[in-house]
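> So that we are looking at the same thing, I have put the structure below in structure tokens.
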Amino acid sequence: MNELYSKWLEQKKLKLQTIDCYSAGVTPEKLAQQLNVDISKIVKLNFNENIFINRSRQTFLLKQVADEIDLRMYPEDEVQKLVEKLTEYLNIPEDYIVIGNAGDELLDRIIRIFVEKDDIALSFEPSFVIPQLCVKRQEGEYVKVPLKNNFQLDVPAMLALFSEKTHLLYLCSPNNPTSNQMNPEDIEILAKAFPGIVILDEAYSEFANYSFTSRIREFPNMIILRTFSKAFGLAMLRLGYAVANPEIAEILTKKAPQPYPVSGFTIRMGIKMLENIDIMQTAVAALTTERGKFIKALNQIEGVQAFDSQADFVLINTKLPADLVYEKLLKHGVMLKKWGKLLQYENCFRVTVGLPESNAKLIEALKQLNEE
């Protein structure tokens, strides 16, 4: 093997080892194998998936798409058709919309374009981890300001960090993992004062009280991220979009990493879901109703604190150590997202709002933990 190549590859490997990557953790299939049970016995409440979507109707639309498209062809008019449907849904002009391969790809694209080595990106903690990983890969600095104890933004502390080097501000609302929306006045103050690009991640906005999409014209430096993975239940297909002023939207469109970043099949399915939007609306209504009941039931369990939510998941804190609760719940076949210490809370978990029968299994398992 060429000596120069070997040396170069070794250096590259060492550098890559310093870059953290996202890990999904144990899968339902693996857990079912470990417990020697059928996978149907596993309660999966760790990925914020919308199981309230009517699967039979969604499958019917999926089959329609399969019949209508020719997989041998490249997608050409599909993006424009989806944009037209989104303009109807959001009531904003077409040139404000950018289609992407889910919100994560759009996040990555934005950061690749606007963050360079030694640039500073600013956000808060706790929040979604992907932007931090993307910024570090760009060799930028990611600065996080702790949320206040009520999970709201510490606006003065964030404003104090604005400088000519802070080129990106990431705000997640509703926030993952705290599940609350930020005060809109705080977002407005920060966005109007920030000297760079503001990413407002609204992945869970259909479950919440408000969205900034109708106000996008007020914020020329803002990019709002939305997704079909949550409310529309298309998590497996990976479809998202950004809303931004036309100047920024044009940059994001022209600087897409590939000529066809999203499959035509996926785009067609997004169109179908918008044409049958009652599927999403019915699911969101059912989920939010169940969410209220779920939070109430969780707060009736000794040693469990569940917080109000504006998303399709709930943040809980347990009196028992998070590691112990996590392992015991896995033995019950229940999967949650373990966070551990968040601000002043020591043992936190992010819990998807599941169907009533799944939520009941979690509640029963948590009650049993107090008896063991």
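The values are calculated or read from the model by the stated rules, or taken from the named source; none is laboratory data. The structure presented is a predicted model; accordingly, all values stated were derived computationally and were not measured. In this analysis, Cβ positions are derived from the backbone assuming ideal geometry, glycine residues included, and neighbour counts consider all displayed protein chains.
> Suppose we filter Lys319, Lys367, Lys296 for residues that are farther than 24 Å from Phe232 by Cα and free of Cβ contacts under 8 Å to residues at least 24 places away in the same chain; which single one remains?
Among Lys319, Lys367, Lys296, only Lys296 is farther than 24 Å from Phe232 by Cα and free of Cβ contacts under 8 Å to residues at least 24 places away in the same chain.
> Could you list, in sequence order, all residues of segment 214-273 that are assigned to a loop (DSSP other than H, G, I, E, B), among the hydroxyl-bearing types (Ser, Thr, Tyr) and under 19 Å from the mean Cα position of the chain (by Cα)? Give the derivation first.
Here is the first cut: in segment 214-273, the residues assigned to a loop (DSSP other than H, G, I, E, B) are 219-221, 228-239, 245, 255-263.
Next, only the ones that are among the hydroxyl-bearing types (Ser, Thr, Tyr) stay: 229, 260, 263.
Scanning segment 214-273 gives a single hit, Ser229.
> Just give me the residues in segment 217-248 being more than 19 Å from Asp108 (Cα to Cα), surrounded by fewer than 22 Cβ atoms within 10 Å (Cβ to Cβ) and hydrophobic (A, V, I, L, M, F, W, C), in sequence order.
Within segment 217-248, Phe219 is the sole residue that qualifies.
> Go through segment 157-187 residue by residue and tally those that are farther than 22 Å from Cys134 by Cβ, part of a helix (DSSP H, G or I) and touching a residue at least 12 places away in the same chain (Cβ under 8 Å).
So the first thing to find is which residues in segment 157-187 are farther than 22 Å from Cys134 by Cβ, and the list is 157, 159-160, 179-181, 183-186.
Narrowing further to those that are part of a helix (DSSP H, G or I): 157, 159, 184-186.
Within this subset, residues satisfying the condition of being touching a residue at least 12 places away in the same chain (Cβ under 8 Å) are 157, 159, 184, 186.
Going through segment 157-187 one residue at a time, the tally reaches 4.
> Moving on to the next point. Criterion first (outside the structural domain of Leu330 (by TED's automatic domain parsing), loosely packed, with under 12 Cβ neighbours inside 10 Å and under 28 Å from Ala242 (Cα atoms)) does Tyr96 satisfy it? First the steps, then the outcome.
Values: outside the structural domain of Leu330 (by TED's automatic domain parsing): yes; loosely packed, with under 12 Cβ neighbours inside 10 Å: no; under 28 Å from Ala242 (Cα atoms): yes.
The answer is no for Tyr96.
> Keeping to segment 258-293, report how many residues are of a type in the set (Val, Ile, Thr), touching a residue at least 12 places away in the same chain (Cβ under 8 Å) and more than 30 Å from Arg112 (Cα to Cα). Break it down into steps so the answer makes sense when it comes.
Filtering segment 258-293 for residues of a type in the set (Val, Ile, Thr) gives 262, 266-267, 271, 277, 279, 282, 284, 288-289.
Imposing the further condition that a residue be touching a residue at least 12 places away in the same chain (Cβ under 8 Å) reduces the set to 262, 266-267, 271, 277, 279, 282, 284, 288.
From what is left, the residues that are more than 30 Å from Arg112 (Cα to Cα) are 277, 279, 282, 284, 288.
Adding up the residues that qualify gives 5.
> Are any residues in segment 115-135 farther than 12 Å from Tyr170 by Cβ, surrounded by fewer than 16 Cβ atoms within 10 Å (Cβ to Cβ) and in contact (Cβ under 8 Å) with a residue 24 or more places away in the chain, and if so, which ones?
Glu116, Asp118
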